[in-house]
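Right, one structure below, let's go through it.
Please treat every number below as a calculation from the coordinates, not as lab data. As the structure is a prediction and not an experimental result, all values here were calculated from the model. Cβ atoms come from the backbone with ideal geometry, glycine included; neighbour counts cover every protein chain shown.
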Amino acid sequence: MSLTKTLNAMNKEFKKYVTEELLLIANNVTGEYTDKQVQQAKLELYNQGVDDKIIAVSYTHLRAHETRGN
């Protein structure tokens with residue numbers, strides 16, 4: 001793999017990581033972020049063209065909620 005392809009692949013992975021972190025902040029599930037941090041995260045996601053209402057969770061996470069609800 002060429003250096004350019006390697007760097008491009010690394011950049012995509014980094015951007016994905018950053019986007020996932022921004023989604024966590026924008027949704028503020030844990031309540032640990034300030035309103036200003038949430039708004040900044042939402043603005044950055046908007047600038048990236050990402051819908052801040054979408055957040056990926058694991059199957060295990062979903063099952064935990066299902067179990068807790070029963």
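Apply 1/(1 + (r/R0)^6) to the Cβ-Cβ distance of Gln37 and Tyr59, taking R0 = 30 Å, and write down the FRET efficiency to the nearest 0.05. Don't skip to the answer; put the middle values down first.
Working: r = 29 Å, r/R0 = 0.95.
My answer for the efficiency is 0.55.
Once the Cβ-Cβ distance between Lys5 and Asp51 is put in as r, and R0 is 25 Å, what FRET efficiency do you end up with, to the nearest 0.05?
With R0 = 25 Å, the Cβ-Cβ based efficiency is 0.30.
Using a Cα-Cα cut-off of under 30 Å, which lysines could be cross-linked to Lys53, ignoring same-chain neighbours fewer than 8 residues away?
Lys12, Lys15, Lys16, Lys36, Lys42
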